[in-house]
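The structure appears right after this line, and notes come after that.
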Amino acid sequence: MDKTKIASESCHQLDERQVVQYLQEQPDFFIRNASLVEHLLIPHAIQGAISLPEAVMNRQRLKIKQLEQDIRFMVEQAHENGQLFDELLYLVIEMSMAESLNGMLTALNRWAKRLGLSGASVRLFSECWRLSAPLDAQALVVSRSAFESIRIQRFGDRTNYLGRLNGPEIQFLLPDALNVGSVAVSLFGHHGESGMVIFTSRDRDHYQSGMGTVMLEKVAQILPRLLCRWIERL
């Protein structure tokens, strides 16, 4: 074959984009060439090759399967959100009915145990709340500057921490707690500036990094507002 003929054939070769463009511009192509559809074979990773109709059906099955999974996920989320709302509503009612700060904190602790946890505690930064006499809420006080090293190591730029604490950290945040296996901590405020709520579990693996924090964050949003019934913000 001479070079002229080779060059001529090369000029008439189609690339993939041209084929795709042609088929897009000719929507009736497979109607006019119906027999071609039955004989076209599409490479398949498992079956070797399948017909074009089979390839189309397989794609539809995959889309339907993905859609079913999406619907199942949305149903599960709706169910979980319903349970979340019910639990939070119960907590808000219980704490709102409290007749003292201690009664409100007791309601929070009782709610945590209702969820299978060992307890819940509130810690407030002394720089942000008036915690001195006659209120005498010193048991809630932690120093913000002393907490800073824990915040840097455990929280980074987040306002939630789920996992384990070491001995000195537990002693600092939960001096009266026993058998603390793992904790879920959520700081109050957008920048964690006023305090925190701490949920504890005896199970070392109950709270782990990567778990959902919706419930935790909602409680952390609610608590400061209810605390203001009993404690003055500075």
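Just a few scattered comments:
- Surface accessible to a 1.4 Å probe, per residue, for the residues of the stretch 99-234, Å²: 53
- The slack between Q83 and R225, meaning 0.36 nm per residue of separation minus the straight C-alpha distance, is 48.9 nm.
- Ordering of 189-195, 153-159, 124-130 by burial proxy (mean other Cβ atoms within 10 Å per residue, highest first): 124-130, 189-195, 153-159
- From the Kirkwood radius over Cα pairs of the stretch 145-195, Stokes-Einstein at 4 °C and 1.567 mPa s returns a whole-number translational diffusion coefficient of 113 µm²/s.
- Distance in nm between pseudo-label sites at I152 and I93 (7 Å out along the Cβ direction from Cα): 4.6
- Length added when fully stretched, E68-Q24, from 0.36 nm per residue minus Cα-Cα: 12.8 nm
The values are calculated or read from the model by the stated rules, or taken from the named source; none is laboratory data. Just so we're clear, the structure is a prediction, and the values are computed from it rather than from any experiment. FYI the Cβ positions are ideal-geometry reconstructions off the backbone, even for glycines, and counts take in every protein chain you see. Ligands, DNA and RNA are excluded from the accessible area calculation, which covers all protein heavy atoms including side chains. Shrake-Rupley method; radii C 1.70, N 1.55, O 1.52, S 1.80 Å.
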